[in-house]
Every structure is written in structure tokens, then in C-alpha cells.
Amino acid sequence: MLHDKNKVFIFDTTLRDGEQVPGCQLDTLEKIKIAKALELLGVDVIEAGFPISSPGDFQSVVELSKAVTNPIICALTRANKGDIDAAAEALKYAKHPRIHTGIGASDMHIKYKFNSTREQILERAVEAVKYAKKFVEDIEFYAEDAGRADNIFLAQMIEAVIAAGATVVNIPDTNGYCLPDEYGKKILFLKENVKNIDNAIISVHCHNDLGLATANSMAGLINGARQVECTINGIGERAGNTSLEEVAMILKTHHHLNLHTNINSKQLTDISTMVSRMMRMPVQPNKAIVGKNAFAHSSGIHQDGFLKHRENYEIINPEDVGLNHADIILTARSGRHALKHHLERLGYEIEKIDLDDTYEKFLVMADELKEISDDDLLSLMSDGDKNSFKNGYKLNLLHVVCGDKESPTAHIKLQHDGKEIDATAIGNGPVDATINAISSIINKPIELKEFSIQAMHGGSNDTSKVNMTVNYLDKIYTGYGYSTDIVKASANAYLDALNKFL
Ligand code: KIV
Ligand code: ZN
């Protein structure tokens with residue numbers, strides 16, 4: 001296979017491994033938005049879903065195949081004909097289709113997941129690749145739990161699937177178990193012991209259970225892998241996957257590795273915000289590259305050193321990751337066009353927004369705040385314009401009584417299906433009373449699992465952002481809300497989560 005040997009292919013699995021996170025499920029339109037942003041970012045492969053898993057996943061792979069031109073569209077399967085048939089069917093509109101099939105490679109998986117033997121597993125792996133090859137040319141094979149697999153057996157498996165037609169071989173550290181040195185040596189072992197290895201690209205797919213996903217992926221690349229599987233903001237099963245933005249910026253910063261990607265790093269901040277907003281998954285403030293504090297210097301010594309010479313304390317120029325959008329700054333003098341530009345950049349569907357009304361609200365906010373940040377825009381948009389309110393419950397009125405001599409009481413009115421329903425409830429505080437009032441209208445077994453409030457700028461006039469996670473019939477749903485009133489932000493976050501299943 002001929003390709004630039006220093007190019008690292010970026011395989012994004014935000015819409016598959018990332019979307020498996022409880023509460024992060026997206027609808028097809030949201031997935032298309034993210035896929036288009038990934039295309040603009042320059043990823044080489046988009047893993048669009050697992051078609052056999054649900055009709056929704058199947059349809060998303062179909063629609064993403066139609067919507068995206070340049071990247072390869074990949075669909076996940078297990079090593080069986082039914083899965084592969086579904087993937088082939090879902091990929092029929094893809095300009096560059098890839099089927100991703102595979103099976104467990106560790107003795108643990110072989111025995112306790114498949115109740116099988118190494119010989120039988122090897123046979124199934126080869127059969128799956130040969131079967132998938134009947135539909136598309138580009139076949140990626142994953143050796144699940146390769147991180148804990150015996151290297152000699154793994155090498156045997158990889159050689160057999162390449163001989164059967166696999167074009168990419170994925171060596172997942174499914175459980176995030178390996179140490180970087182160990183994982184790097186595993187990749188090197190395959191490079192040195194699989195005789196047909198040059199007929200395929202080695203891919204690294206690392207999970208972050210021990211916080212080593214990025215380090216392990218880098219060890220794999222340094223030892224000869226040329227594709228890395230990652231997600232925006234590092235989201236994914238349990239502790240997540242390798243974060244795309246970290247790998248992209250490591251490779252950009254460490255020129256001596258002589259490895260490059262096609263990523264346009266200036267898009268990283270925007271796509272991180274978009275994914276976090278759509279999946280209702282906050283980014284931790286100290287997250288490398290895209291966290292709120294990633295470029296904030298707070299200690300006096302650091303500030304002094306930074307002001308003397310930026311590179312004393314900054315190894316990445318924030319503009320390289322798309323921070324400090326100096327292009328169009330939003331103020332009270334900005335027009336509708338500028339507002340529309342920024343809303344589109346954050347992934348809003350302009351067709352669904354009443355731009356005149358939003359612009360009016362924007363002007364009021366801009367008069368107060370002078371310069372409008374992305375967080376301010378998210379706050380503006382969270383109040384009534386969000387898709388989740390379109391067919392769901394919307395807060396029409398909130399009246400709360402509280403104080404050290406009062407029993408906290410909330411009176412609310414919710415709008416739903418053209419009707420207004422009201423309720424009053426008490427609680428151990430104003431938020432609890434409001435949640436109780438909403439729950440008394442909804443009347444379903446909903447359990448509030450997580451509740452966090454974050455101030456966005458500081459100051460008592462600040463806007464707060466509330467994230468909530470609820471459990472309903474053993475499924476997790478997340479929601480967020482913004483407001484200068486924390487009780488209202490909480491009510492909106494709760495309704496945002498509830499509207500996903502009501
Ligand atoms: O972590 C893993 O092993 C996976 C495979 C399905 C590629 O996600
Ligand atoms: Zn995975």
C-alpha cells in the first residue's frame with residue numbers, strides 16, 4: 001500500500017464510541033452537524049455508528065454517508081454476517097465506505113465472552129474479513145482487548161486477517177490497561193513479527209481508564225502505527241477515549257517526531273464547544289487544549305513570566321487552536337449577519353431559529369456585557385430556543401419564595417402541547433422546590449443523579465450554567481440550562497433532560 005509514511009490518519013469515533021456514553025445520544029440531524037464539522041476539521045475517517053444496534057444508528061450511517069464527501073465513512077460490526085450485511089447496506093451511499101469488523105483477542109475475552117478457543121476465534125476473524133470484503137474494499141479489523149492479549153497469538157491473528165484482505169488493523173486497548181511502554185512494544189512487536197504488516201495500516205484505539213489513552217496512542221504512533229482512533233473532548237465509554245485535540249496538538253508541537261496530520265487545528269475549540277453542547281457533556285476546566293483554563297495563567301509568578309515572554313509559560317499559541325476569534329467580535333453594534341455567523345459556528349440550525357427575536361435578546365445582553373463570548377451566546381440560546389423545547393415541556397413561569405424565615409416554595413407553569421399546566425411544591429431549598437413542582441406535573445419515576453452549577457465569568461451578576469443527569473427506567477439522560485438566575489437555569493436543565501424521553 002502506497003501512502004506518505006509520515007502521515008497519521010485521524011479516525012474519529014465521537015459518533016460511535018463517544019456516543020455510547022449514557023446520556024450523550026444524538027439525533028441524526030445533530031450527528032450530521034458534527035460530521036460536517038469533523039470534515040471541516042480535516043479528519044480522515046468518521047466512524048458513523050453501529051448499524052445493527054438500532055434503526056436510529058442504521059439511519060444515521062445512511063444519512064452521514066450522504067452528507068459527507070471527503071472522509072471515509074466507517075460502520076462498526078461484530079464478526080458475523082448479520083452485522084456485516086447491515087453495515088454494507090447502511091454504507092451504500094458512502095463515497096468512501098469502510099467496514100470495521102472484529103472479535104476478542106485476549107484469552108479473557110475468548111474464554112469468558114465467547115466461550116471459545118483461539119483456533120475458533122481465528123477462523124471467525126478470517127471469515128468475517130472475507131465476508132465484509134465482498135461488499136467493500138476497505139476493511140478494518142479490530143482485535144478487541146488486544147491490550148491484554150498474548151502478543152504471539154495477536155500477531156498470528158493480525159497476519160491472518162491481513163491475508164484475508166484487511167486494509168487496517170486496529171489494536172485496541174479496550175480496557176485502558178496498558179502502560180505506554182508496554183503498548184508501544186506491542187505495536188513494535190507486530191511491526192517486526194507479522195510478515196505481511198506492510199500491507200495494512202496499524203491503528204491505535206486506546207481507552208482512558210488509567211488516564212493513559214493519549215500517552216499510549218502516542219507510544220503506538222512512535223512505534224509504527226499510522227492511524228489513531230480518538231474522539232472530540234476525549235469522550236467515550238467509562239473514562240473515555242484518546243482525545244483528538246491532544247494527539248493533533250502533540251504532533252503539531254513535537255516536530256521532531258516528523259509525523260503530521262490533516263487536522264486544521266484552528267477548528268478545535270469550536271468543535272469541542274459544539275460536541276459538548278450537543279451531548280450535554282461539560283468539558284472539565286483543566287482539560288488539555290480545550291478546557292476553559294487551558295490557557296489561563298493565574299499565579300503571579302506565571303503571569304509575570306508570561307508577560308515578559310509568552311513562551312515562558314505557553315507551548316501552544318491559543319490562536320492555533322482557534323481561541324481568540326479576532327475575526328468578528330460580537331458587541332451591541334454587531335448586525336444580524338455577525339450573530340448568524342457565530343450561531344452557525346456553534347452548530348445551531350439557523351433555519352429553526354427566530355433570528356429577529358434572538359437578535360433583540362442579543363442586543364439587550366450586549367448592552368449589558370459589552371462583548372459577547374461563546375458562553376454568553378450559549379446562555380442566550382438556552383432560554384426557549386433549544387430544540388428540546390420544540391415538542392417538549394417549556395417553562396412559562398417560575399415564582400419562588402425562599403429565605404431564612406420561609407419554607408422554600410416554587411410555583412411554576414409549564415407549557416406543553418398548546419396547554420399550560422401549573423403546580424406548586426415545597427422543598428429543602430428553592431431548586432429542590434422547583435424540581436419537585438416540575439416532577440409533580442410530569443409524574444414519572446425520574447431520579448435526579450447529578451447536578452452541577454458553574455459560574456461562567458465571576459461576579460454576583462454572573463450567568464450560571466447548570467448540568468443535570470437523570471435516570472429514567474434505567475437509562476441516563478443529561479440536560480443543561482443557562483441563566484443569571486440559578487433556579488431558572490436548574491429548571492431549564494431539568495426540563496432539557498426530561499424532554500429527551502418525554
Ligand atoms: O474499545 C474497543 O475495543 C472498541 C472496538 C469495538 C474497536 O471500541
Ligand atoms: Zn473503544
> Rg and Dmax of the chain, Cα atoms, in Å?
Replying inline: 24.6, 79
> Using the per-residue mean of other Cβ atoms lying within 10 Å as a proxy for protection, in what order, highest first, do the peptides 442-449, 159-166 fall?
Replying inline: 159-166, 442-449
> What is the log10 of I(q)/I(0) for region 296-372, computed with the Debye formula using one identical point scatterer on each Cα and no solvent, at q = 0.11, 0.23 Å⁻¹?
Replying inline: -0.45, -1.01
>> I'd like the distance separating the alpha-carbon centroids of region 459-502 and region 114-165, in whole Å.
In response: 44 Å
> How large is the Kirkwood hydrodynamic radius of region 441-492, in angstrom, based on all distinct alpha carbon pairs?
Replying inline: 11.8 Å
> How long is the gain from Y359 to Q59 if the chain were fully straight, where each residue apart is worth 0.36 nm and the alpha carbon distance is subtracted?
Replying inline: 104.5 nm
>> Given the options N6, L380, H100, identify the residue whose Cα lies farthest towards the positive end of the charge dipole of the chain (+1 on Cβ of Lys, Arg; -1 on Cβ of Asp, Glu).
In response: H100
> Given 0.36 nm per residue, what is the gain on full extension from K352 to T69 after removing their alpha carbon distance, in nm?
Replying inline: 99.4 nm
> Taking region 1-90, which trypsin sites (Lys or Arg not before Pro) meet the DSSP loop condition and have no more than 11 other C-beta atoms within 10 Å?
Replying inline: K5
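No value in this document is a laboratory result; all are computed from the given coordinates. Everything numeric here is computed off the predicted structure, so don't read it as measured data. Here the Cβ is made from the backbone with ideal geometry for all residues, glycine too, and neighbour counts use every protein chain on show.
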